[in-house]
Amino acid sequence: VTNGGKTTLAEKLKKMLPNCDTISQDDFFKPESEVETDERGFKLYDVLDALYMDEMVKSIHNWMKSPASSSVVTEELQHKCDDLKSTDDVYILIVEGFLLYNYEPLNELWNRRYFLTLPYEECKRRR
């Protein structure tokens with residue numbers, strides 16, 4: 001669902017967790033000129049073909065190769081975890097988006113998966 005709070009949640013977690021980065025599927029949309037149109041004239045943004053999914057996978061692989069150089073560890077975050085010395089070498093990448101589980105190459109990369117749902121009325125209100 002769009003406007004469901006995925007990006008907001010990911011960004012809040014990024015601020016709370018040390019050594020955490022995010023990648024958003026929204027950053028991989030093709031330009032409007034490359035997005036197909038349905039028979040009624042509406043742009044089809046809710047399909048994988050509207051996204052550069054191969055570029056997204058490359059971005060994730062690049063982060064995995066060198067997470068420490070990608071992470072931004074602020075002094076504030078470091079203070080929160082001073083007593084958890086074992087977290088120094090733990091790096092977290094949160095990948096958020098609405099079609100993540102529909103793209104098989106991504107399904108091979110996940111360590112953890114979370115699927116968020118919202119009641120219909122809340123989705124309707126946010127749109």
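Within the assembled protein chains, the solvent-accessible surface assigned to Ser66 is about 50 Å², based on a 1.4 Å probe. Heavy-atom accessible surface of Lys58, to the nearest 10 Å², is about 110 Å², with a 1.4 Å probe and all protein chains retained.
Mean separation of Cα pairs under 8 Å and 6 or more residues apart, divided by the residue count, gives the chain a relative contact order of 41 percent.
Taking only the C-alpha atoms of the stretch 10-74, the Rg (one decimal) and the largest Cα-Cα distance, Dmax (whole number), read 15.7, 49 Å. Stretching Asn62 away from Val35 to a fully extended chain increases their span by 7.1 nm, per 0.36 nm per residue minus the current alpha-carbon distance. Of (1) -0.40; (2) -0.62; (3) -0.30, which one was derived for log10 I(q)/I(0) by the Debye sum over Cα atoms at q = 0.10 Å⁻¹ from the structure shown? Given (1) -0.40; (2) -0.62; (3) -0.30, the structure-derived one carries the label (1).
The values are calculated or read from the model by the stated rules, or taken from the named source; none is laboratory data. Not measured: the values here are computed from a predicted model. Just so you know, the surface numbers come from the protein's heavy atoms only, side chains and all, with ligands and any DNA or RNA stripped out. Shrake-Rupley method; radii C 1.70, N 1.55, O 1.52, S 1.80 Å.
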